[in-house]
Amino acid sequence: MQRMPLAAAGLVIAGAPGARAQTVPSEGARFDVRGFGAKGDGTTKDTAAAQRAIDAAGTGGGCAYFPPGRYLCGTLHLRSHVTVQLENGATLLAAPERADFDADEALGYDPHADKETSDFNHALLRGRDLTDVAIVGPGVIDMARTKRGGPKPIALKLCRSILIRDLRIENAPNYNISLLGCDFVDILGVTIRNGYCDGIDPDSCRQVRIANCSVESWDDAIVLKSSPALGYLRATEQVTVTGCILSTTCNALKLGTESSGGFRDILFQNCSLFSDTARWPGRPADCGVAIETVDGATVERVVVSNLTMRDVSAPIFVRIGSRGRAQATPSPGPLREISLGDIVATGTRWASAIMGIPGFPVRGLSLRNLRVAANGGGKPEWAARAIPEAVREYPDIDRFVELPAYGLYCRHAEGLLLDGLNFRHETPEARPAVVLEDVKEADVRTLIAQPPTGPGPVLRLRDAREVFIQGCRAREGTGTWARLEGSLTGQVHEAANDLARAGKPFELEPGMAQTVLTSGQRQAGMSRPSGE
């Protein structure tokens, strides 16, 4: 086990399963901020006293200890081998004046990012080039702000072996926990409330675990980035997010959009995502899970599993673009080997989307066991709408809300596996459940979906090649179950489907060759066997 190497032996507290042991210093290693002059009355500036305690703890490794009280502070500089502990009843309160906080960083290079992403000076607790840093509760960090724009609660840059645990962070005007170029990070049992910006942002970080956290944020809840803010590119990799409860008006779990360095070996699992319509009326979350590469980097080996979503506009958004930030010539990067499964969503407004761009398909994506209860309400003209490629635009699902499907829209994908999809809509819906457009080598298995209201199909294939449809079922009231369109459509095979309830199992666009669809010895357009 890896331990936080503090000065004195202390109590080891258990983390998530498999977590590295972390140590809370014993009483002898504590440096009580009151002993260094802190008042803790909520009105006296305690910055200097708290900093003296942190510096003293840093001389040999120890704990800067905040007993119960309200400690009004500006920027505090963390030290290596030091724990900052907020006791139960202790609040670290951000000072209201800008002058109490460090000036923004003078980077000396173009970070190709906004201040929220690139600046790590304007913060309450900040550290750079540190080793073995812990910030632990069960106390509170209260940023005491009422809108976006201001200091970060915690900002760590180029640090190693970080523990942030059992804290409550409130009213933050900037990224609540902001990490850049950090390795070996554990964020455990943190509660974030009323965040006006992102919740937890690991940027260009490696070996990060975020577990059992509860985040309430106006912007993205947990978002992984790989921006150029370091002045060079570095991938975000080996990241696990598990057991979290996330409420947001934007994206709950997100990978991108800052995607210059790339992402590898990412796991999102066992989380509950929802829109708090009482807290933010009229502002449902945009997306449950967003996976995006738009600045030329590679995204690969990402697993998403076991999620529940309530009143999230779109469950899933996977996107390749070519915004080209920090690229001399914008060029897209690959997005491949993605697995999503065991996801249940209710109250969705928009379809999930998997979208590459021409010549750069999403490759090797599997989507299993997705169950969605959509609000419905899609109009007939949406089903025929041509969706713009929007290659250079900011990649967010709200750019593509009126998609041709109510459940899942896939365009520019190769090696696609769809298995165990179940879609229904609560109000009349004119669009197909699933649309595959410019898709190659796709398997559609066990699709069961409520048919659209009207003559449209449940499944629409346009310019789809090498597609195998198996084990699907038509529900009562289905007119046409699948429609095939497009001059490139071919080698579509179907087997072991129960389409007896469909008025027409398969429909081919006029003029399409009958051989594009095969089923054993039967070809499309021939009479159905008796009993079907």
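The values are calculated or read from the model by the stated rules, or taken from the named source; none is laboratory data. Note that the coordinates shown come from a computational prediction; the quantities given were computed from them, not determined experimentally. When we count neighbours, we look across all protein chains shown, and the Cβ atoms used for this are built from the backbone with ideal geometry, even at glycine.
Values as computed for the structure displayed
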| read-out | value |
| --- | --- |
| Within the stretch 152-189, considering residues that are outside any strand (DSSP E or B) and at positive phi, the one surrounded by the most Cβ atoms within 10 Å (Cβ to Cβ) | Gly181 |
| Residue match in the stretch 104-116 (condition: more than 23 Å from the chain's Cα centre (by Cα) and either within 23 Å of Ser217 (Cβ to Cβ) or crowded, with 23+ Cβ neighbours inside 10 Å (or both)) | yes |
| Enumeration of residues in the stretch 492-514 that are within 14 Å of Arg475 (Cα to Cα), over 36 Å from the mean Cα position of the chain (by Cα) and assigned to a loop (DSSP other than H, G, I, E, B) | Leu499, Ala500, Arg501, Ala502, Gly503 |
| Test: residue in the stretch 250-267 that is within 30 Å of Gln327 (Cα to Cα), of a type in the set (Gly, Ala, Ser), touching a Cys at 6+ places or on another chain (Cβ under 9 Å) and at pLDDT 95 or above | yes |
| Criterion: farther than 19 Å from Val299 by Cβ, of a type in the set (Lys, Arg) and out of contact with any His (no Cβ under 6 Å at 6 or more places or on another chain) - qualifying residue of Arg209, Arg234 | Arg209 |
| Residue within the stretch 477-487 that is farther than 21 Å from Ile354 by Cβ, buried (at least 23 other Cβ atoms within 10 Å of the Cβ) and over 30 Å from the mean Cα position of the chain (by Cα) present | yes |
| Every residue from the stretch 361-415 that is surrounded by 19 or more Cβ atoms within 10 Å (Cβ to Cβ), more than 22 Å from the chain's Cα centre (by Cα) and of a type in the set (Gly, Ala, Ser) | Gly376, Gly378, Ala383, Ala405 |
| Some residue of the stretch 326-339 being touching a residue at least 24 places away in the same chain (Cβ under 8 Å), touching a helix residue (DSSP H, G or I) at 6+ places or on another chain (Cβ under 9 Å) and crowded, with 18+ Cβ neighbours inside 10 Å | no |
| The stretch 235-253 residues that are hydroxyl-bearing (Ser, Thr, Tyr), paired with ones that are assigned to a strand (DSSP E or B) and surrounded by fewer than 24 Cβ atoms within 10 Å (Cβ to Cβ) (beta carbon under 6 Å, 6 or more apart) | Thr240/Arg209; Thr240/Leu267; Thr242/Ala211; Thr242/Gln269; Thr242/Asn270; Ser247/Glu216; Ser247/Phe274 |
| Which listed residue, of Ala229, Ala235, is surrounded by fewer than 24 Cβ atoms within 10 Å (Cβ to Cβ) and over 27 Å from Asn88 (Cα atoms) | Ala235 |
| The stretch 480-506, residues that are touching a Pro at 6+ places or on another chain (Cβ under 7 Å) and either among the polar types (S, T, N, Q) or modelled with pLDDT under 95 (or both) | Thr480 |
| Residues located in the stretch 201-218, provided they are modelled with pLDDT of 95 or more and more than 17 Å from Phe120 (Cβ to Cβ) | Arg206, Gln207, Arg209, Ile210, Ala211, Asn212, Cys213, Ser214, Val215, Glu216, Ser217 |
| Strands (runs of 3 or more DSSP E) lying entirely in the stretch 201-318 (those with 1 or more residues that are closer than 23 Å to Gly376 by Cα) | 245-248, 251-259, 263-274, 285-293, 299-310 |
| Filter result (charged (D, E, K, R) and crowded, with 23+ Cβ neighbours inside 10 Å) within the stretch 198-219 | Asp198, Asp201, Asp203 |
| Search result, residues across the stretch 286-302 that are over 12 Å from the mean Cα position of the chain (by Cα) and of a type outside the set (Lys, Arg) | Thr293, Val294, Asp295, Gly296, Ala297, Thr298, Val299, Glu300 |
| Residues within the stretch 182-198 that are over 25 Å from Thr131 (Cβ atoms) and out of contact with any helix residue (DSSP H, G or I) (no Cβ under 7 Å at 6 or more places or on another chain), tallied | 7 |
| Wholly within the stretch 388-481, strands (runs of 3 or more DSSP E) carrying at least 1 residues that are in contact with a Ser or Thr (Cβ under 6 Å, 6 or more places away or on another chain) | 408-425, 459-470 |
